[in-house]
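Note sheet for the following structure.
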Amino acid sequence: QGDENSHGGNLLGPLLCWAVVFADIGTSVYYVPGLLYQTPEIGKLAGFFVFLTMSVFVLLTLKYAEVTHRFPQGGGVVTVAASAFNKWAGALGGMFILVDYFLTASISSLSGMQYLSVVLPAMGTTLQVPLFGPIQLPLLFITIGVLILLGVLNWVGVSESAKVSLIGAVVAFISDIAVLITVFAHMSLGQVFALFPQMFTNQRLTGLTLLVGFAGSFLAFSGLESISQLSPVMKTPRKKVAGIALFLVVITIGITSPFLTMFSTLLLPKQAANPILSAQLISLLGGKWGGVILQTEVAISGSALLVFASNTAIIGAYHVFLALSRLSFFPAFVLKRNKMRDTPHYSIMLATGIPIGVLLLVLGNINILGDMYAFGLLGAFSLTCLGMDVIRNRDRRSIRSLRERKRVYIAEHAQQQARDMRLDGLSAASSDTSTASQNGNYAGAIDGEATGVNGASSQAAVVRGKNTAFSKRMHSLWLEVDFWLGILTTALVMIAWGTNLVFKPLATAFGGTVALIGMVIAILNYRSEQRQGQATVHVIPLSSVDVLSDYALAVLLPQQDKHNTMVAKAAVKHLGTRPIAFLYVGTPKDPPTPRPFEYYEPYLYDEDARRAFRNADDVVRHAKAKVSPSYIYRALAENSTVQANEIVQSVWRAMHPHELLISSEDVDLLKDINPDRIRYELINGGSVAHLISRW
């Protein structure tokens, strides 16, 4: 509720989230059937492979739903990869998604104009160009003009709205359903079922065909990654909202995409084989039995939605540019805003200019664009899936470690109780009874089983304990099943990506080159800012602190640069190879209201926190520590009733660190933390307190 109020009640619910995602992913069906049909290994099997890949798409939605609530700051693959591996993996994820956005903007705008040429045939005129052969030159120039117009609109500040997305998504979905109803109305049920074996007529389903078809059909589901970019503007609880939104996406895509692909490629084989008409299949399918009215309506609505998807890609791309620049991977000029409209003109220029360059490079050939598409899309999917597996496994290890530490504590506590009782002269029987009772109570606290005392209250406690234990066992079982389903999803997605890397060399060459250039820029720029003491460190989300149980927690405080430096030096000096987590609780200065596709990390708007983390990072780096530190930031609103010490204590309880370090002068802030012992250390004329806990 607090989030919704802070954003003015403009957060997105399940329906609007569905609209934004469907307005992106739902456009793929307009050009994918023709691209798949013209792939030699696929042909009439296009519908079969879209049906097949749909099952993996459902598994993917489970992972992306988790991404949205684990990483509420957004960022998608950038945030997931950085949290799972390191900042460089996050930068690589950013390059993958940029490649995806560049090609989405190009192919969606071009396909949109091809659908519009159904209504205005002159647009699709093919001209013989010396040295280049036949090219739809008017279509190419109009498409470039559309991209320029979208760039200007974003420069002016007219970006897309979720409510506009809802209108476009509903119109597109109704149009798709109208086409399907028209087809079913003109075919008997037997004729529809006869289409399924027809897909396999004169088609050899070899292992190579399965791999190429499966990998190529992922193009039909491009756009799923947009759900992770909506986290900052999603209503809470995000887990529920994202789950409902993606359920709607699965249902609407499942109804439309596989069937439209099958019908358009099998019922219009001549058009599907034509390089020009194959880009208009859905409109032509509607016109085959629905007449010119339905054909025109589908062409216009499809064209509008495709242009809308192109604009979404431009918005996504320039926000990725901004995020990578704020994280010190791209030069600072990318962040500059013009004085007239207060929009990031350099980012918008890059997000618009590169897709235009791609269109000119391929001379408006949509089949070449389709071949180039696979690298960034599946690269981002693969890195996100792999990152989520690493994070989930880290959670599992942390839970097992914490349980083991608690069991050891219980055993030691029981032994100590027995020794104390013997020293007090208690009988052996009494000692055994008391020890067993204590041991049972502690076990109940961990496993959810309450032993209670004699009488009715004892029986009620036993029942509650059994119910809680059963609930926890079922939850643990589902987490285990979900984890291995995630592993299966990652394997299938990476098989698809690996297949495309081999069998789509153009995509590998283009995507690999763009990603390599981007990574070189990122490394050079980060190193340069690091030497100048301006590099931005990566901050892990608060939702992940409970997996840092083997870490030591070093607390840095606002306006305490000298004390913070002492704490950092003490942490590095005494912890050696033990990992360190630095915590800072601060107040961002004038953070903007989050918008869709924006990477919203409050820490980036708190210069005091950035300076404190940079200084700590310099201390660790110069000490040549073997383990890279982690950084945790918690933002406090100016009118918040929560105090900084309460945040530190909550993080301490969630992490269960062996050791907490803080300046001795600030120990009084942590009155509610009860460590087993406190050790003080003199450093640079000051003192650092080490609060040591056995948990």
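The values are calculated or read from the model by the stated rules, or taken from the named source; none is laboratory data. None of the values given here were measured: they were computed from a predicted structure. Here the Cβ positions follow ideal geometry from the backbone for every residue, glycine too, while neighbour counts run over all protein chains shown. The protein model used for the area step is the full one, side chains on, heavy atoms only, and it has no ligands, DNA or RNA in it. Shrake-Rupley method; radii C 1.70, N 1.55, O 1.52, S 1.80 Å.
Kindly establish whether K626 is under 28 Å from L402 (Cα atoms), open to solvent by 60 Å² or more (accessible area, probe 1.4 Å) and in contact with a helix residue (DSSP H, G or I) (Cβ under 9 Å, 6 or more places away or on another chain).
Against the criterion (under 28 Å from L402 (Cα atoms), open to solvent by 60 Å² or more (accessible area, probe 1.4 Å) and in contact with a helix residue (DSSP H, G or I) (Cβ under 9 Å, 6 or more places away or on another chain)), K626 does not qualify.
Give me the residue from the stretch 128-141 that is open to solvent by 30 Å² or more (accessible area, probe 1.4 Å) and at pLDDT 85 or above and, out of that set, nearest to L359 (Cα to Cα).
Filtering the stretch 128-141 for residues that are open to solvent by 30 Å² or more (accessible area, probe 1.4 Å) and at pLDDT 85 or above, the one nearest to L359 (Cα to Cα) comes out as F141.
Run V545 past the list (1) assigned to a loop (DSSP other than H, G, I, E, B); (2) more than 15 Å from L92 (Cβ to Cβ); (3) of a type outside the set (D, E, K, R) and report the number of the one that doesn't hold.
Just one mismatch for V545, condition (1).
Working only within the stretch 601-623, note down all residues that are closer than 27 Å to Y318 by Cα and either assigned to a strand (DSSP E or B) or open to solvent by 40 Å² or more (accessible area, probe 1.4 Å) (or both).
Residues satisfying the conditions are Y605, E607, R610, R611.
Could you check the stretch 266-283 and list, in sequence order, the residues that are crowded, with 24+ Cβ neighbours inside 10 Å and closer than 19 Å to I181 by Cβ?
L281, I282, S283
Is it the case that S55 is buried (at least 20 other Cβ atoms within 10 Å of the Cβ) and among the polar types (S, T, N, Q)?
no
Tell me which residues, restricted to the stretch 151-160, are open to solvent by 50 Å² or more (accessible area, probe 1.4 Å) and farther than 21 Å from L103 by Cβ.
V152, W155, V158
Considering each of P138, P134 in turn, give the residue that is without any contact (Cβ under 8 Å) to a residue 60 or more places away in the chain, in a helix (DSSP H, G or I) and either touching a Pro at 6+ places or on another chain (Cβ under 8 Å) or within 30 Å of L350 (Cα to Cα) (or both).
So the residue among P138, P134 that is without any contact (Cβ under 8 Å) to a residue 60 or more places away in the chain, in a helix (DSSP H, G or I) and either touching a Pro at 6+ places or on another chain (Cβ under 8 Å) or within 30 Å of L350 (Cα to Cα) (or both) is P138.
When you scan the stretch 408-415, do you find a residue that is farther than 26 Å from W652 by Cα, exposed (fewer than 14 other Cβ atoms within 10 Å of the Cβ) and modelled with pLDDT under 75, even just one?
So far as the stretch 408-415 goes, no, none of its residues is farther than 26 Å from W652 by Cα, exposed (fewer than 14 other Cβ atoms within 10 Å of the Cβ) and modelled with pLDDT under 75.
Take P596 and decide whether it is part of a loop (DSSP other than H, G, I, E, B), open to solvent by 40 Å² or more (accessible area, probe 1.4 Å), touching an Asp or Glu at 6+ places or on another chain (Cβ under 8 Å) and within 18 Å of P72 (Cα to Cα).
Answer is yes for this residue.
Quick check on my filter: what residues within the stretch 182-206 are part of a helix (DSSP H, G or I), touching a residue at least 24 places away in the same chain (Cβ under 8 Å) and of a type in the set (S, T, N, Q)?
Passing the criteria: T182, Q198.
Residue under question is V250, and the condition is that it be assigned to a helix (DSSP H, G or I), closer than 30 Å to L62 by Cα, modelled with pLDDT of 95 or more and β-branched (V, I, T); does it hold?
Yes.
Take the stretch 531-540 and flag every residue that is touching a strand residue (DSSP E or B) at 6+ places or on another chain (Cβ under 9 Å) and surrounded by fewer than 20 Cβ atoms within 10 Å (Cβ to Cβ).
Residue satisfying the conditions is I540 alone.
Go over the candidates S549, S544, S528 one by one and state the one that is open to solvent by less than 10 Å² (accessible area, probe 1.4 Å) and either of a type in the set (S, T, Y) or free of Cβ contacts under 8 Å to residues at least 60 places away in the same chain (or both).
S549
Among what's in the stretch 624-641 and is part of a loop (DSSP other than H, G, I, E, B) and among the polar types (S, T, N, Q), pick the residue that is nearest to the chain's Cα centre (by Cα).
Per the stated criteria, the residue is S628.
Tell me, yes or no, whether the stretch 293-305 has at least one residue that is charged (D, E, K, R), more than 26 Å from L147 (Cβ to Cβ) and either open to solvent by 60 Å² or more (accessible area, probe 1.4 Å) or in a helix (DSSP H, G or I) (or both).
Checking the stretch 293-305: not a single residue is charged (D, E, K, R), more than 26 Å from L147 (Cβ to Cβ) and either open to solvent by 60 Å² or more (accessible area, probe 1.4 Å) or in a helix (DSSP H, G or I) (or both).
If you go through the stretch 352-367 one residue at a time, how many are open to solvent by 20 Å² or more (accessible area, probe 1.4 Å) and out of contact with any Leu (no Cβ under 6 Å at 6 or more places or on another chain)?
8
With the structure loaded, tell me whether V179 is in a helix (DSSP H, G or I) and within 23 Å of L285 (Cα to Cα) or whether it fails that test.
Here the answer is yes, as V179 does meet what is asked.
Quick check on the stretch 288-308. Is at least one of its residues of a type in the set (K, R) and either touching a Ser or Thr at 6+ places or on another chain (Cβ under 8 Å) or over 21 Å from A272 (Cα atoms) (or both)?
No, because not a single residue in the stretch 288-308 is of a type in the set (K, R) and either touching a Ser or Thr at 6+ places or on another chain (Cβ under 8 Å) or over 21 Å from A272 (Cα atoms) (or both).
Please find, within the stretch 669-690, the residue that is surrounded by the most Cβ atoms within 10 Å (Cβ to Cβ) out of those that are of a type in the set (V, I, T) and not in a loop (DSSP other than H, G, I, E, B).
Once the filter is applied, the top-ranked residue is V688.
Kindly list the number of the only condition in (1) of a type in the set (A, V, I, L, M, F, W, C); (2) surrounded by 19 or more Cβ atoms within 10 Å (Cβ to Cβ); (3) at pLDDT 95 or above that fails for I148.
(2)
Looking at (1) buried (at least 17 other Cβ atoms within 10 Å of the Cβ); (2) over 29 Å from E297 (Cα atoms); (3) more than 22 Å from the chain's Cα centre (by Cα), which is the one condition that is false for T206?
Unmet for T206, out of (1) buried (at least 17 other Cβ atoms within 10 Å of the Cβ); (2) over 29 Å from E297 (Cα atoms); (3) more than 22 Å from the chain's Cα centre (by Cα): (1).
Here are some residues: V667, V688. Which one is over 24 Å from G533 (Cα atoms), modelled with pLDDT of 90 or more and more than 36 Å from the chain's Cα centre (by Cα)?
Of the residues listed, the single one that is over 24 Å from G533 (Cα atoms), modelled with pLDDT of 90 or more and more than 36 Å from the chain's Cα centre (by Cα) is V688.
Open to solvent by 20 Å² or more (accessible area, probe 1.4 Å) and modelled with pLDDT of 90 or more: does that describe L378?
Considered against the rule, which asks whether it is open to solvent by 20 Å² or more (accessible area, probe 1.4 Å) and modelled with pLDDT of 90 or more, L378 comes out as no.
Kindly indicate which of S83, S106 is open to solvent by less than 40 Å² (accessible area, probe 1.4 Å), among the small types (G, A, S), in contact (Cβ under 8 Å) with a residue 40 or more places away in the chain and touching a strand residue (DSSP E or B) at 6+ places or on another chain (Cβ under 6 Å).
The unique qualifying residue is S83.
Looking at the structure I just gave you, is P657 buried (at least 21 other Cβ atoms within 10 Å of the Cβ), in contact with a Pro (Cβ under 6 Å, 6 or more places away or on another chain) and outside any strand (DSSP E or B)?
no
For the stretch 13-65, which residues satisfy the criterion of being free of Cβ contacts under 8 Å to residues at least 60 places away in the same chain and either of a type in the set (F, W, Y) or not in a helix (DSSP H, G or I) (or both)?
The answer is P40, and nothing else.
What is the one condition in (1) over 24 Å from the mean Cα position of the chain (by Cα); (2) under 30 Å from E529 (Cα atoms) that S278 does not satisfy?
Going through (1) over 24 Å from the mean Cα position of the chain (by Cα); (2) under 30 Å from E529 (Cα atoms) one by one, S278 breaks only (2).
R392: surrounded by fewer than 16 Cβ atoms within 10 Å (Cβ to Cβ) and over 30 Å from R611 (Cβ atoms), yes or no?
Against the criterion (surrounded by fewer than 16 Cβ atoms within 10 Å (Cβ to Cβ) and over 30 Å from R611 (Cβ atoms)), R392 does not qualify.
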